[in-house]
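I have placed the structure first, in the form of structure tokens, so that the comments after it can refer back to it.
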Amino acid sequence: MSVLPTPPSPADGVQTPWGRFASQFAESRLAMAGLVLLVVIVLTALLAPWIAPQDPYDLTKLDLLDARQPPGAQSMDGLTYWLGTDGQGRDMLSAIIYGMRVSLEVGVLSGVIALSIGSVLGVLAAYLGGRFEQVVMRIVDIQLGFPAILVALILLAVLGKGIDKIIIALVTVQWAYYARTARSAALVERHKEYIEAARSLGLSGARIVLRHLLPNALPPLIVVGTVQVAHAIALEATLSFLGLGLPPTEPSLGLLISNGYEYLMSGKYWISVYPGIALLLTILAINLVGDQLRDVLNPRLAR
Amino acid sequence: MFVYVLRRLSQTALVLAITSLLVFGGLYLVGDPVEILVNPSADQIEKERAAAALGLDKPIHEQYLTFVKGALTGNLGNSFVYARPALQVIFERMPATLELAFLAMLIAVTIGIPLGLYAGLRPGSPVSKAIMAGSILGFSLPTFWVGLILIIVFAVQLGWLPSTGRGPTTEVLGLQLSILNVEGLKYALLPAINLALFKLSLIIRLTRAQVREQSLLDYIKFARAKGLSNRRVIGVHLLKNIMIPLVTVIGLELGSVIAFAVVTETIFAWPGMGKLVIDSIFQLDRPVVVAYLLVVVFMFILINLVVDLLYSILDPRVRLADVRS
């Protein structure tokens, strides 16, 4: 009888980088809970038209007689308002699901654009050095000296309302964080041998920056990215709450909370509180995942 | 040192000039304040008269030049809405914002540093874990939503504290402050807690990280080896060294608290600068918006400068003259 060779178990250290990354990430139960929550939130937001009990943008579906119903109330045609209704008779649960969609869209889109602009400028600054680096980093320094809310406030006061405007404002606020992170990561990478090798192969500067330097500077950028997306979502909600962000036609979570503000004093808490909880859970999930990512991707804490 | 301060101040002037130019030009593009200010039934002639009275009939570069000329003599123009100097309107509201910011920082520091110390010294204990979990929550909770919850719980449900507005004030050195009498403090408490929450989490996390980093260093081991009491090691040696980064962050955060007061003041109807600027943005009261931004930017740069100077006093290794900036 031949003995079957035992397959190498993960504990033997024969692991792909991805496998190692995944198992290190899974070490924190809190982070895994955050990840699961985040996946559920993103799926809910993506599948909103199929999941939401009501289309909150379809005004013909709304009945003003159903306005400000408490959670659990029934509509005329048998629909249960699990989280109550708002001032226009809109089902809060549906409004929250669609609002989450808008909030995530704004947060992720502004994050991706800011990441692209910031990381390219940052890596270029590290690669080119000289005058270019000085100018870019000077602007970064000045901008990071001011709080995000102030810069966004000025921009939106000038630009006005709209999803594109708020994305412009959020990108302007965020790019500097990415630029600073990308530059410091690239400064470390620049003197490593593989860059020397790429240079001696005679590759073009653009190719070295884009294909070699940028991918290797990516881990810290991902960490900053998760934190910044959470920030962007919170900031958008804050600005919308102040009446400076999105138009009321496509309410984000912040705008929903703002709409419920006027009913708060009369004890109709659900219009503000439930969108707030949705917002909190979204940000919390991203932060939990981000916290763990930072620990796993940090080379100083490498085990 | 002197040269350093001088250079920083000249940079300040440059930043202020750029800010004013950008904001002035930007605001010029949005809306027509005359439409909002005059009676809706006013005819064209009345509108033109109003525009001329506010200097809005001139082309933008002339308006900007007039503004700069005034600004150099300390006059940032008259508010369209209040018909008084914009700076005067802002300075009247400033004590309210400042007292709120200081109270918030005070809360954040007095609670945050002890909690951070505890979490840093006993990283494994359940209490520390609870503190750290709470700080993640504090980071994630959007300020404005916490404000609403505070109002629901403490003002509407429990009825312990007033929900909005500012209480009676006491005059001190010509400033109207409300936190110096009990009734006024009641009004200030909820907004201050709201404003403090985010900074509290930040200070807890920073203190903990510093404590964990520093307590492994040789000087702490040496102090312990000398047989110093635990209280002396922590209270004198450790605390002194973690104060350096803490002071920097606390100083810089003071500026951000002043900026973030915009949100808290709007929720709690606190009559400070932040509420003023939000109202002014909606009323297209350009002089007040521009003046607010210039004042806040100036305060910001001043705070940064003071923090840098403090840093060099606290940490003798830092030599400002060597820092090229």
**Asked** In region B:152-163, what residues are at the interface with chain A (Cβ under 9 Å from one of its Cβ atoms), closer than 19 Å to B:V182 by Cα and modelled with pLDDT of 75 or more?
**Response** B:A155
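Among the residues of region B:88-103, are any away from chain A (no Cβ under 14 Å), among the β-branched types (V, I, T) and in contact with a helix residue (DSSP H, G or I) (Cβ under 9 Å, 6 or more places away or on another chain)? Don't jump to the end; show me each part of the working.
Taking region B:88-103 and keeping what is away from chain A (no Cβ under 14 Å), we get B:88-96, B:98-100, B:102-103.
Filter once more, keeping what is among the β-branched types (V, I, T): B:89-90.
This time we only want the ones that are in contact with a helix residue (DSSP H, G or I) (Cβ under 9 Å, 6 or more places away or on another chain), so: B:89-90.
Scanning region B:88-103 turns up at least one residue that is away from chain A (no Cβ under 14 Å), among the β-branched types (V, I, T) and in contact with a helix residue (DSSP H, G or I) (Cβ under 9 Å, 6 or more places away or on another chain).
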**Request:** For region A:193-214, indicate whether the set of residues that are surrounded by fewer than 22 Cβ atoms within 10 Å (Cβ to Cβ) and either within 14 Å of chain B (Cβ to nearest Cβ) or touching a strand residue (DSSP E or B) at 6+ places or on another chain (Cβ under 7 Å) (or both) is non-empty.
**Result:** no
**Item:** Selection count, region B:107-151, where residues are within 11 Å of chain A (Cβ to nearest Cβ) and more than 23 Å from the chain's Cα centre (by Cα)
**Value:** 3
**Message:** Among the residues of region B:305-315, are any within 24 Å of B:A71 (Cβ to Cβ) and modelled with pLDDT under 85?
**Reply:** yes
**Request:** Go through region B:211-227 and give me each residue that's charged (D, E, K, R) and under 25 Å from B:S128 (Cα atoms).
**Result:** B:R212, B:E213, B:D218, B:K221, B:R224
**Asked** Among the residues of region A:228-238, is there at least one that is crowded, with 18+ Cβ neighbours inside 10 Å, acidic (D, E) and more than 7 Å from chain B (Cβ to nearest Cβ)?
**Response** yes
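Using the structure shown, decide if B:V15 is modelled with pLDDT of 75 or more and within 23 Å of B:L293 (Cβ to Cβ).
Numbers: modelled with pLDDT of 75 or more: yes; within 23 Å of B:L293 (Cβ to Cβ): yes.
Taking the combined requirement at face value, the residue satisfies it.
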**Item:** Unique match (being part of a helix (DSSP H, G or I) and either within 13 Å of chain A (Cβ to nearest Cβ) or of a type outside the set (A, V, I, L, M) (or both)) among B:V263, B:V247
**Value:** B:V263
**Asked** Out of region A:232-249, which residues are outside any helix (DSSP H, G or I) and within 21 Å of A:L153 (Cβ to Cβ)?
**Response** A:L242, A:G243, A:L244, A:G245, A:L246, A:P247, A:P248
**Request:** Scan region A:223-248 and report the pairs whose first residue is over 19 Å from A:I113 (Cβ atoms) and whose second residue is basic (K, R), with Cβ atoms within less than 8 Å and a gap of 6+ or a chain change.
**Result:** A:L244/A:K161; A:P247/A:K161
**Message:** Of the conditions (1) modelled with pLDDT of 80 or more; (2) crowded, with 19+ Cβ neighbours inside 10 Å; (3) within 10 Å of another protein chain (Cβ to nearest Cβ), A:G243 satisfies every one except a single condition; which number is it?
**Reply:** (2)
**Prompt:** Of all residues in region B:50-83, how many are more than 14 Å from B:L294 (Cα to Cα), of a type outside the set (A, V, I, L, M, F, W, C) and surrounded by fewer than 13 Cβ atoms within 10 Å (Cβ to Cβ)?
**Reply:** 5
**Fill in**
Taking region B:266-288 and keeping residues closer than 15 Å to A:T238 by Cβ and within 9 Å of chain A (Cβ to nearest Cβ) leaves B:T266, B:I267, B:V277, B:I278, B:I281
**Prompt:** Looking at region B:168-185, is at least one residue within 13 Å of another protein chain (Cβ to nearest Cβ), touching a Lys or Arg at 6+ places or on another chain (Cβ under 7 Å) and part of a loop (DSSP other than H, G, I, E, B)?
**Reply:** no
**Prompt:** Could you list, in sequence order, the residues of region A:212-231 that are of a type in the set (A, V, I, L, M, F, W, C) and assigned to a helix (DSSP H, G or I)?
**Reply:** A:L213, A:L214, A:L218, A:L221, A:I222, A:V223, A:V224, A:V227, A:V229, A:A230
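The values are calculated or read from the model by the stated rules, or taken from the named source; none is laboratory data. Predicted model only: the values in this text are computed from it and were never measured. Note that we place each Cβ from the backbone using ideal geometry, even for glycine, and neighbour counts take in every protein chain shown.
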